[in-house]
1. Residues in segment 116-131: is at least one within 30 Å of Leu10 (Cβ to Cβ) and either touching a Lys or Arg at 6+ places or on another chain (Cβ under 7 Å) or open to solvent by less than 20 Å² (accessible area, probe 1.4 Å) (or both)?
2. Residues of segment 205-239 being aromatic (Phe, Trp, Tyr) and either open to solvent by 80 Å² or more (accessible area, probe 1.4 Å) or farther than 30 Å from Leu154 by Cβ (or both), which ones?
3. Give me the residue from segment 152-211 that is under 14 Å from the mean Cα position of the chain (by Cα) and at pLDDT below 85 and, out of that set, farthest from Leu253 (Cα to Cα).
4. Against the conditions (1) at positive phi; (2) touching a residue at least 60 places away in the same chain (Cβ under 8 Å), where does Gly123 fall short? Just the number, please.
5. Search segment 224-248 for residues being within 17 Å of the chain's Cα centre (by Cα) and outside any loop (DSSP other than H, G, I, E, B), and hand back the single one that is modelled with the highest pLDDT.
6. Give me the residue from segment 39-86 that is acidic (Asp, Glu) and modelled with pLDDT under 65 and, out of that set, farthest from the chain's Cα centre (by Cα).
7. Kindly evaluate Ala170 against the criterion of being over 30 Å from Asp79 (Cα atoms) and of a type outside the set (Phe, Trp, Tyr).
Amino acid sequence: MSLTLTPTDLVLVTGANGHLASHIADHLLRLPNRPRIRVGKLEIVRVVDVAEKDAFGEAVKEVTHIIHVASPTIVTSTDVANELLKSAMQSTIGILKEVSKTPSVKAVVLTCSFGAVCDLSRGWRPGYECTADDWNPMRFEQAVAPDLDLSRFLPQWQPLVPYCASKGLAERAAWDFMSSRCMCGRSCAPRRMGSYSEIADIVRRNFPSLNPSTEQQNAPRFTVDATPVLSALGLGTYRSIEQTIVETVRQWLRRRF
């Protein structure tokens with residue numbers, strides 16, 4: 001699926017006050033045939049609580065494309081059921097319900113995270129490659145259980161268990177809703193990034209004047225097959241990890257100095 005936007009299109013980017021969505025909005029505003037963007041720079045629609053019924057009703061009016069990024073990112077929640085799980089699920093279902101009632105919408109992108117596909121209870125799983133067919137297996141009842149045994153997870157992951165569960169549950173809720181409404185969709189796993197050592201080597205090679213550390217960090221990492229994204233989104237190839245890191249550091253240097 002190749003997507004072309006025109007100046008007459010109206011794109012809704014939810015959560016545009018957040019890190020990822022703000023970059024998406026910025027990219028859209030830089031397109032040669034720039035569409036109208038319903039975010040902070042051009043049109044603002046304030047959604048007080050994305051989990052409320054009809055929260056996106058006003059925002060979706062006349063929209064042709066939607067990129068839904070808004071989702072709770074809370075690591076130390078005191079109310080996992082409402083602040084994380086229900087909020088993530090209801091905001092996703094809420095936007096899809098509005099889509100089903102809005103004929104002007106041509107396409108919707110629901111962003112997610114690796115938390116939806118990884119099974120943290122299995123550790124790093126060396127040699128295993130995650131795909132879009134993998135799921136975080138944690139159910140709602142497990143995530144909110146007061147006796148949830150976090151000792152099954154690596155210590156550094158324990159605070160992230162409820163958050164990752166919210167991503168998996170929201171993703172499942174989206175697919176269940178689309179199936180019930182006969183809506184078509186494509187699932188794409190996130191792309192892998194380089195290891196700490198790989199990234200450090202790229203910085204040393206391209207920015208020697210920064211005098212980067214020579215310390216080697218051989219931390220394990222997950223492997224993800226994200227090649228289906230290329231055909232699903234009509235892309236050619238990914239930028240290489242080296243190009244991605246070099247461009248990131250150059251941008252940081254321009255803004256830092």
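The values are calculated or read from the model by the stated rules, or taken from the named source; none is laboratory data. For clarity, every value in this text was computed on a predicted model and none was experimentally measured. Cβ placement follows ideal geometry from the backbone for every residue including glycine, while neighbour counts extend to all protein chains displayed. The protein model used for the area step is the full one, side chains on, heavy atoms only, and it has no ligands, DNA or RNA in it. Shrake-Rupley method; radii C 1.70, N 1.55, O 1.52, S 1.80 Å.
1. Of segment 116-131, the ones within 30 Å of Leu10 (Cβ to Cβ) are 116.
From what is left, the residues that are either touching a Lys or Arg at 6+ places or on another chain (Cβ under 7 Å) or open to solvent by less than 20 Å² (accessible area, probe 1.4 Å) (or both) are 116.
Yes: segment 116-131 contains one or more residues that are within 30 Å of Leu10 (Cβ to Cβ) and either touching a Lys or Arg at 6+ places or on another chain (Cβ under 7 Å) or open to solvent by less than 20 Å² (accessible area, probe 1.4 Å) (or both).
2. To start, the set of residues in segment 205-239 that are aromatic (Phe, Trp, Tyr) comprises 207, 222, 238.
Within segment 205-239, Phe207 is the sole residue that qualifies.
3. Ser187
4. (2)
5. Val224
6. The first filter runs over segment 39-86 and keeps only residues acidic (Asp, Glu), leaving 43, 49, 52, 54, 58, 62, 79, 83.
When the remaining residues are screened for being modelled with pLDDT under 65, the result is 43, 49.
Numbers: Glu43: 23, Asp49: 19 Å.
That would be Glu43.
7. Working: over 30 Å from Asp79 (Cα atoms): no; of a type outside the set (Phe, Trp, Tyr): yes.
So Ala170 does not fit the description; no.
Yes/no matrix, rows are residues, columns are (1) in contact with a strand residue (DSSP E or B) (Cβ under 9 Å, 6 or more places away or on another chain); (2) part of a helix (DSSP H, G or I):
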position	(1), (2)
Met89	no, yes
Val99	yes, yes
Pro103	no, no
Val109	yes, no
Ser121	no, yes
